[in-house]
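Working notes for the structure below.
Each reported figure results from applying straightforward, stated rules to the coordinates on display, with no laboratory input. Only a predicted model underlies this, so the values are computations on that prediction, with no experimental measurement involved. All Cβ positions, glycine included, derive from the backbone under ideal geometry; neighbour counts span all protein chains shown.
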Amino acid sequence: MSTEREILVAQKAAMFDLIQILKQQPDKTYTVEELEALIVAYIKGAEQI
């Protein structure tokens, strides 16, 4: 079982990854639906590791 610290580190890493993805197109404006789809795709991809 993961410790609280390990969970926090994983959450921070995931947010960092998502920020890097969003920075790839800095001028793009995202809708709520697009952000949701991006996050869901990230989570599904991370689950396969």
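If you plug the beta carbon distance of ALA13 and GLU33 into 1/(1 + (r/R0)^6) with R0 = 30 Å, you get a FRET efficiency near 0.75.
Among the trypsin sites (Lys or Arg not before Pro) in the chain, those placed in a DSSP loop whose Cβ has at most 11 other Cβ atoms within 10 Å are LYS28. Hey, what angle do you get for helix 32-47 against the long axis of the chain, alpha-carbon based, 0 to 90 degrees rounded to 10? Helix 32-47 sits at roughly 40 degrees to that axis. For the stretch 1-43, the list of chymotrypsin sites (Phe, Trp or Tyr not before Pro) that fall in a loop by DSSP and count at most 16 other C-beta atoms within 10 angstrom reads TYR30.
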